[in-house]
Amino acid sequence: TNRNPGENEFHQAVKEILDSLVPVLAKYPKYMENSILERLVEPERLIIFRVPWIDDQGKIQVNRGYRVQFNSAIGPYKGGLRFHPSVNSSIIKFLGFEQIFKNALTAQPIGGGKGGSDFDPKGKSDNEIMRFTQSFMTELSKYIGPDIDVPAGDIGVGAREIGYLFGQYKRIRGGYEAGVLTGKGIGYGGSLTRTEATGYGVVYFVNEMLKDQGESFDGSTVIVSGSGNVSIYAIEKATQLGAKVIACSDSNGYIYDEDGLDLETIKRLKEVERKRISEYVKEHPNAEYYEGCSGIWSIPCDIALPCATQNEINEEAAKILVANGVKAVGEGANMPSTLDAIEIFLNSHVLFGPAKAANAGGVAVSALEMSQNSMRLAWTFEEVDAKLHVIMENIYKNSMNAAAEFGHPGNLVVGANIAGFRKVADAMIAQGVI
Ligand code: NDP
């Protein structure tokens, strides 16, 4: 903490991992002898840069850009870009740190990175978004490349932003390096299923947790927070598997529809019209809208899928979910549960799928997008979806096996952390003191 003062989210992410590594460090002294922990928590590189741009009134605006290139032991740095006013070094480092282990769990050859800016896309015109992203990429382009560092989307960065970023990269660097970014449009090197991958992946993962207990999504009641990329496709897949999704949210409030949410309305409002989720009740008068997003966890449900942002489930929310009989929690967002909340879920024997395992489907399909770009071919939706399904099943199995091997059967927090850690740590040892 002395070395990274005030970086609370980064401390939280590191603590979650280190606490769970105790049994593996005890069994294999090589990790301590090689100072793996000391090296792991120090990013290989943290780039911070000025992003000046001109708004629609002709005024110069200045934002701050970030890229953390955390660990390249098993492949080029890989991780999304987040545009949100809350972005700072702590947020980017927590996300980049988690990404190292998540990427290792996917079994794809990708290292850990993350980036973004404190730019707020809300209320900005299309032209402002373009001018900002072009300025951002003008600097970022110096540090990335298909074999170096491959960014993608995250909060506030979707298909539109990736398109503008890709256009500017191509213009600066010349040539057509399709593999420099993932999440691209299907017409210019994107992979089918990438848009759906994180949300579908969370549901595939939770489905594995349920299956082990003889349960399923069919007939269950589900709450999904957020209404962005991850949330929308988690709602879609859960509904396809027979669940009734009764609530979702945005950063202003949440909607409750006891008949089950109408996904087409949500897709249009959020993906096309870029409106607030409160608009839903105008078209569905039976549904209810509540201001403030944290109240969503007070609705009784069988399965909770937090898919909005970090620390959205605190101790109090976790207690309410448990009291209301929640059976499973699958983290679609990164670090959506506080450490206290995770403890409550684990102690109450709620099935708990931690983010770095449960939401790895997005980056896994990003790695498949890189493969397709390298091979200059495109797989079908069904092919990619089938690969995603297998990857999520394997992450579940490997995490469960690691948890059992190291004395915490059923604890996927410990299992995912250990499985991801060992792969990266062994590669670091093999590559010497770097
Ligand atoms: P989007 O920008 O598409 O959606 C984010 C959603 O969360 C929006 O509904 C947004 O509401 C809401 N939200 C954002 N910030 C807050 C906040 N502070 N409080 C409450 N709600 C908030 O992002 P994604 O769906 O891509 O990402 C969601 C989460 O999933 C993030 O934690 C991200 O890191 C993680 N993730 C994403 C992956 C991906 O493939 N996209 C992969 C793995 C993890 P509003 O519209 O009001 O801003």
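Loop-located trypsin sites (Lys or Arg not before Pro) in the stretch 326-434 (DSSP state not H, G, I, E or B) with no more than 10 neighbouring Cβ atoms inside 10 Å: Arg376. Local charge for Glu139 was computed over the other residues whose Cβ lies under 10 Å away, with Lys and Arg +1 and Asp and Glu -1, and equals +3.
In the chain, a dipole from Cβ-located charges (positive for Lys and Arg, negative for Asp and Glu) runs towards its positive end, and of Tyr396, Tyr280, Thr1 it is Thr1 whose Cα lies farthest in that direction. Shown for the stretch 195-358 is the translational diffusion coefficient from the Stokes-Einstein equation, using the Kirkwood radius over Cα pairs, a temperature of 37 °C and a viscosity of 0.692 mPa s: 215 µm²/s.
The stretch 332-373 and the stretch 262-304 have Cα centres separated by 23 Å. With no solvent and one equal point scatterer per Cα, compute the Debye intensity ratio I(q)/I(0) for the chain at 0.11 Å⁻¹ and report its log10, rounded to two decimals. Once normalised to I(0) and log-transformed, intensities are -0.81. Across the stretch 18-28, computed HN-Hα scalar couplings (Karplus, 6.51 cos²θ - 1.76 cosθ + 1.60, θ = phi - 60°) run 4, 4, 7, 8, 3, x, 6, 5, 5, 6, 10 Hz from first to last residue, x flagging Gly and Pro. Per-residue Karplus couplings for the stretch 4-17, computed as 6.51 cos²θ - 1.76 cosθ + 1.60 with θ equal to phi - 60°, are listed in order as 10, x, x, 8, 4, 5, 5, 4, 4, 5, 5, 4, 4, 6 Hz, Gly and Pro entered as x.
Within the stretch 38-151, DSSP assigns beta bridges of which about 70% are antiparallel (rounded to the nearest 5). Counting charges near Arg50 (Lys, Arg +1; Asp, Glu -1) among other residues having Cβ under 15 Å from its Cβ returns a value of +2. Simple point charges give the picture: +1 on the Cβ of Lys and Arg, -1 on the Cβ of Asp and Glu, and for the chain a dipole about the Cα centre of about 1560 debye. Using C-alpha pairs under 8 Å with a sequence gap of at least 6, the mean separation divided by the residue count of the stretch 330-424 gives a relative contact order of 25 percent. Here the translational diffusion coefficient of the stretch 298-434 follows from Stokes-Einstein with Rh set to the Kirkwood radius across Cα pairs; for 37 °C and 0.692 mPa s it amounts to 199 µm²/s.
Over all other residues within a Cβ to Cβ distance under 12 Å of Ile235, the charged ones net out to -1, with Lys and Arg as +1 and Asp and Glu as -1.
Among 114-123, 33-42, what's the highest-first ranking by average C-beta atoms within 10 angstrom per residue?
Numbers: 114-123: 21.1, 33-42: 14.9.
Put in order of decreasing packing, that is 114-123, 33-42.
Using the C-alpha atoms of the stretch 43-180, what convex hull volume per residue, in cubic angstrom, is computed?
On the way: hull volume 13.2 nm³, N = 138.
Taking only Cα atoms, the stretch 43-180 has a hull volume of 96 Å³ per residue.
Secondary-structure-derived ellipticity at 222 nm for the chain, considering helices only, amounts to -14000 deg cm²/dmol, per-run term -39500 (n - 2.57) for DSSP H runs with n ≥ 4. Bridges between two residues of the chain, per DSSP, are antiparallel at a rate of about 55%. Straight-line reach from Lys122: taking Cα to Cα under 19 Å and skipping same-chain neighbours fewer than 8 places apart, the aspartates and glutamates in range are Asp55, Asp56, Asp154, Glu161, Asp250, Glu271, Glu273, Glu279, Glu291. For the residue pairs Lys244/Lys267; Lys170/Lys270; Lys78/Lys142, the C-alpha atoms sit more than 26 angstrom apart in Lys170/Lys270. As a rough footprinting exposure proxy, the listed residues Leu305, Leu241, Leu105, Leu263 were ranked by other beta carbons within 10 Å of their own, and the order from fewest upward is Leu263, Leu241, Leu105, Leu305.
Read-outs throughout are calculated quantities, based only on the coordinates presented, and are distinct from any laboratory measurement. All values derive from a computational prediction rather than experimental measurement. All Cβ positions, glycine included, derive from the backbone under ideal geometry; neighbour counts span all protein chains shown.
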